[in-house]
Structure formats: structure tokens, C-alpha cells
Amino acid sequence: MWGIGTRFQKKDDQTWKDIGDITSITPPESTMDVADATTLTSPQGREEIVPTILRNGEATITFNFDPEDVDQKSFREDMENRVKGDYRILFPDESNFYQFSAYVVGFSIGEITPDGLLTATVTLRATGAPTFDKETP
């Protein structure tokens, strides 16, 4: 599936609102911690593990920066006010999505040069279980 047409959305009350001018999205990674369960009698002296905590990673969203854009400003406000938000990546087929709750843990304006557009990057730290699903009509 080609990435063009992918939308990044934030839940506003009960509706999903597109965040505009997105140039790239890196979804949060999911990983699992493990505890070492190796004993002196582990078969063939091989390491044994037990799965423990499922970890949520960070998502990064880069966009063309517009200091007047209310949606872009809301990321910084949410970070400063420690607001948890609901976010969704809606894939180009407009039915498959990846949804997660997160806190904004970073907001940075990109390098400013004479020959490029102003950009900004938001870092979101996911919390709770994400959902990868498909909308049903």
C-alpha cells in the first residue's frame, strides 16, 4: 500500500479530526520485555525467558510548520498541560487504522534554512493498548 493518502487524526469530542500538512508519520513501536528464567538445569545450557511487560513506544509526526495553525499549537499545549489524547493513523484505503492513546512528550521546530520549508516534529508516547483494526460501514 502506498503511503500517499494516509491521514493522521486526533479525536475531538466524539469525532476524528485530520491534522494537516503532515509529511511523515512513524507509528509507535510495540515491544515486550522478558525476564531471564534460565536455571542450572536449563536444557542444553540454553537461555530461557518469560515474557513480561508489553511496552509502547513513541510515534513521531513531522509536518510543515505553521505557527498560526490551531491544531499544531494544540500539540504543544497538550504537552505543557499533560493532556492524554486519542490519535489514529487512517491508512489510504480509508478503512484500516492504527489507533492509540498518547501523551505529547516532545515538540521541536526543525532546522531553519534559506532553501527549505519550516517543519516541526511532535513526539507522542503511547499509553495503554493500541488498536489495529478496520472500520465497518
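Of all accessible surface on region 87-137 at a 1.4 Å probe, what whole percent is carbon and sulfur? Carbon and sulfur atoms account for 53 percent of the accessible area of region 87-137.
Give me the percent relative contact order of region 29-137, please, defined on Cα pairs under 8 angstrom at least 6 residues apart. Don't skip to the end; give the middle numbers.
Working: 195 pairs, mean separation 27.9, N = 109.
Once divided by the residue count of region 29-137, the mean separation gives 26 percent.
Take the Cα coordinates of the chain, assign each an equal point scatterer, and use the Debye formula without solvent to give log10 I(q)/I(0) at q = 0.17 Å⁻¹. Each listed q corresponds, in turn, to -0.94.
Which FRET efficiency, nearest 0.05, do D33 and D93 yield, Cβ-Cβ r, R0 41 Å? Please report the intermediate quantities before stating the final value.
Details: r = 33 Å, r/R0 = 0.81.
For R0 = 41 Å, the calculated efficiency reads 0.80.
Computed from Cα atoms, the angle from the helix 70-80 axis to the main principal axis of the chain rounds to 40 degrees. For W16, the shell of other residues with beta-carbons less than 14 Å away shows a net charge of -3, using +1 for Lys and Arg and -1 for Asp and Glu. The packing ranking of peptides 38-47, 105-114, 5-14, highest mean first, is 5-14, 105-114, 38-47, where packing means the average number of other beta carbon atoms within 10 angstrom of each residue.
Leaving out same-chain residues fewer than 8 places away, which aspartates and glutamates sit with a Cα under 16 Å from that of K73? Partners within reach: D12, D18, D21.
The values are calculated or read from the model by the stated rules, or taken from the named source; none is laboratory data. As the structure is a prediction and not an experimental result, all values here were calculated from the model. Quick reminder, even Gly has a Cβ in these numbers, built from the backbone with ideal geometry, and neighbours come from all protein chains shown. We work out accessible area using only protein heavy atoms, side chains counted, and drop any ligands, DNA or RNA first. Shrake-Rupley method; radii C 1.70, N 1.55, O 1.52, S 1.80 Å.
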